Structure formats: structure tokens, C-alpha cells
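Down below is the structure, laid out as C-alpha cells.
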Amino acid sequence: MKLGVSSIKLLALGLVVGLVLGFVIGWYVRPMPSPTVTQVKFTLDWAYQGPQAPFLVALYKGFFADEGLSVTIDRGYGSAKVISDVAAGLFDIGFGDINSLIEFKSRYPDAKVKLVAVIHVRSPLSIVTLAGRGIEGPKDLEGKKLGAPAGDAARRIFPAYAAAVEVDVNKVTWVTMDVPLREPMLVRGDVDAVSGFYYTVIINLLNLNVSEKDIKVFKYSDYLPLVGNGIVVNEDFMRKNPDAVKKFLRAVIRGIKYSIRNVDEAIDILLQRDPTLNKDVEKRRLLMALEIINVEGITDKYGIGYVDPSVLEKNIDLIVKYFGLERRPSLSDIADFSYLPPLEYRLP
């Protein structure tokens, strides 16, 4: 059967239309390219406990995912170890002790680790004692036995605190013990006071059935310009992924703000990572940690993640002097706050 000219034209037109429609439909239904997701290895300073809950909130509530980040969170083994681990590239980002960072950068000026946010705007380092030990004020520490593990940060910085409160360090005797024995030795009376993170010591004492009204705390930050833990980043990672660092900080700050407003939910999220934890204990621990994160007169002025640089300058001076360091790292050696989100985002 022969086709007429008009039939051939219609057939050709149909083929052309079909090809065009096929192309258009194919373009619309083809898979869109996935947005780039950056992998981030993050380490906490310690085990999964109340103070670490805001980071898990950022993970489980999807705040990291909202920023295009795939974040793995590992427990830590000390806020000082975080510094060396991040510098070595074992982790991209960590939650570590700023005072340990100052010491590390003094000894290893080329170490590739830098602070990008201050989370503990006041230091948790403290001396803790009990009622009946004859210690009503810092001056009463003279003639007493103080206990701490070897290398304890509060013990190392005690001479600076002693100078500020006019305590003669030569009239104080230090007793060294392993970490698990610190609070039991205080309760037994083997020592008159101990040093450490105040919220850790208090919770441990409460778990030993010590009455809260019998616990006395002398906080270093009441006398010294000291901050605590912050977000530190491996500088190679930061150079290759500057936007990822900014997004990470946005998500963490969002997690902290959410935790401030939703403490019970934050603890419920923490229990998803470790169901063996005691909810009431960890809630108390988180609330005490938030006291040094959301500080009236600091956080409401500068927002979460930032302190006046002059505070860090004084902090550096103290660590260099009382740790006996030969080199004073500059503020730019230690910190770079340019990755923080705007102030209005950081306000609690």
C-alpha cells in the first residue's frame, strides 16, 4: 500500500513531535542531582552525658542534615585529648578544652587545630569541699589537703586562682588519686577539698548520697578570666571545607538553643544514644552545663559561641604564666571566629 504525500508529511510530523515530547518528558522526570553532602567526623570531650546532649540534639533533630552535613559523633576521652586528636586529623572537628589548646599551640606552633567557637563562656574549673571541713572561703584552703588526679586542669591552674584569692600555695598540700577515687576520698575525709569541673564533682557527690546543702563550690571563673570548652577544627579540613565549618556551627548553635528551651526532650534524645543513663541525673548535669553556656551579660550580648577577644588574651596570659610555657601563642594562633553565624542567629 502506497502512502500519499500528505500521509508521509503527517507521519514525519508525528515522529518529530514524539521525539520532542519524549525529550521534554525525559528531562522533567530524570533524577535531579543530589545536593552535595559533606562528611564530618566529630568527637565529644567525654562520654555521652547531659552536657553533651545539645550535640546529639543537633544530630537526631536533623539540624546537621538540614545544613547538608552527614555527621558522625564519637564519645571523647578527655577535653585535652580532643586537641591532639583533631590536630592529627583523627577527627575533623571536636569539642575540646581551650586552655589545653593554648598549651598545645605553645608547644607545637605549627599544629593544625584552631578554635572557631567558645561554648563554655565561663570555666567550670573549681574547688569543691563539704560542710564541716572548716572551709568557708578560699582563704581557708591554707593548711588543708586538696585532692585531684595527676594532670587535672583545675589543679594545674590552681596557682593562678590562689594568687587571685590571696592563698599561699605553699600552705596547701596536694594528694593525687585516680579519677574514680576523687569524690569518695573527699567524702571519707582523706582530703579536705578536691578540684575539677564543678558539675562533674557535684553530681558524683550526690550519687554518693551527699546532701546538696553540704556541698560548697569555689569557682575559678568568679576571679579569673577563664573560659572552658569550645569547638576546634582541623585546619586542613577548614581550608578545604570552609562552608561546612560554618554550617556545622549553625547546626550546633541551633542544637544548644533548642536544648535551652527543651531540656527534657534533649535528655530523651541523649537516652537514645545511651539508654542506661539516669534521666534525672543527666538532666541536672545538663542544666549545670547550660549555666556556663548561656550566661547573663555575656551570651545575651555576644550570642552563643563568642566572647570578647580581650578575655581570651588574658586567658592566654594566665595559661602561659602558670603552665610555665616558653612561647606565648597569639590570639590569631588560637582562634578564628569568622565562621560563626551572625549575632541575631546566635542569640539564645
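The values are calculated or read from the model by the stated rules, or taken from the named source; none is laboratory data. In this text, all values refer to a predicted model and were calculated from it rather than measured experimentally. We place every Cβ from the backbone using ideal geometry, glycine too, and count neighbours over all the protein chains shown. Side chains included, ligands, DNA and RNA excluded: accessible areas come from the protein's heavy atoms. Shrake-Rupley method; radii C 1.70, N 1.55, O 1.52, S 1.80 Å.
The conditions of being hydrophobic (A, V, I, L, M, F, W, C), within 21 Å of L312 (Cα to Cα) and open to solvent by less than 10 Å² (accessible area, probe 1.4 Å) are met by L226.
In this structure, does V175 turn out to be open to solvent by 20 Å² or more (accessible area, probe 1.4 Å), under 23 Å from I319 (Cα atoms) and part of a strand (DSSP E or B)? So V175 fits the description; yes.
Applying the set (1) open to solvent by 10 Å² or more (accessible area, probe 1.4 Å); (2) of a type in the set (A, V, I, L, M, F, W, C); (3) not in a loop (DSSP other than H, G, I, E, B) to L205 leaves exactly one unmet item: (1). Take the conditions (1) out of contact with any Asp or Glu (no Cβ under 9 Å at 6 or more places or on another chain); (2) on the phi > 0 side of the Ramachandran plot; (3) not aromatic (F, W, Y); G303 misses just one of them, which is (1).
Looking only at residues that are assigned to a loop (DSSP other than H, G, I, E, B) and touching a Ser or Thr at 6+ places or on another chain (Cβ under 7 Å) in the stretch 64-91, which one is least open to solvent (accessible area, probe 1.4 Å)? Reasoning before the result, please.
We begin by selecting, within the stretch 64-91, every residue assigned to a loop (DSSP other than H, G, I, E, B); these are 67-68, 75-78, 88-91.
Cutting the leftovers down to touching a Ser or Thr at 6+ places or on another chain (Cβ under 7 Å) gives us 68, 76, 91.
Details: G68: 20, G76: 2, F91: 33 Å².
The qualifying residue least open to solvent (accessible area, probe 1.4 Å) is G76.
Within the stretch 262-281, the set of residues being surrounded by 15 or more Cβ atoms within 10 Å (Cβ to Cβ) and farther than 25 Å from L347 by Cα comprises L271, R273, L277, V281. Has the stretch 41-58 got any residue that is open to solvent by 40 Å² or more (accessible area, probe 1.4 Å), modelled with pLDDT of 95 or more and among the hydrophobic types (A, V, I, L, M, F, W, C)? No, that holds for no residue.
Checking each residue in the stretch 92-117 for being surrounded by 24 or more Cβ atoms within 10 Å (Cβ to Cβ), more than 12 Å from the chain's Cα centre (by Cα) and outside any helix (DSSP H, G or I) picks out D92, V113. Listed by position, the helices (runs of 4 or more DSSP H) inside the stretch 248-348 whose residues that are more than 30 Å from L205 (Cβ to Cβ), more than 18 Å from the chain's Cα centre (by Cα) and among the β-branched types (V, I, T) number at least 1 are 309-322. Scanning the stretch 209-216 for any residue that is farther than 18 Å from D97 by Cα, within 27 Å of the chain's Cα centre (by Cα) and part of a strand (DSSP E or B) turns up at least one such residue.
G297 meets all of the listed conditions (1) surrounded by fewer than 14 Cβ atoms within 10 Å (Cβ to Cβ); (2) closer than 18 Å to S221 by Cα; (3) touching a Phe, Trp or Tyr at 6+ places or on another chain (Cβ under 9 Å) but one, namely (3). Give A88, A53, A80 a once-over and let me know the one that is in contact with a helix residue (DSSP H, G or I) (Cβ under 7 Å, 6 or more places away or on another chain), over 26 Å from P275 (Cα atoms) and among the small types (G, A, S). Exactly one of A88, A53, A80 is in contact with a helix residue (DSSP H, G or I) (Cβ under 7 Å, 6 or more places away or on another chain), over 26 Å from P275 (Cα atoms) and among the small types (G, A, S), namely A80.
Inspect all residues belonging to the stretch 160-171 and state whether any of them is more than 26 Å from the chain's Cα centre (by Cα) and closer than 23 Å to V295 by Cβ. Don't jump to the end; show me each part of the working.
Residues of the stretch 160-171 that are more than 26 Å from the chain's Cα centre (by Cα), as a first pass: 162-171.
The next check asks that each one be closer than 23 Å to V295 by Cβ; those that pass are 164-165.
Checking the stretch 160-171: at least one residue is more than 26 Å from the chain's Cα centre (by Cα) and closer than 23 Å to V295 by Cβ.
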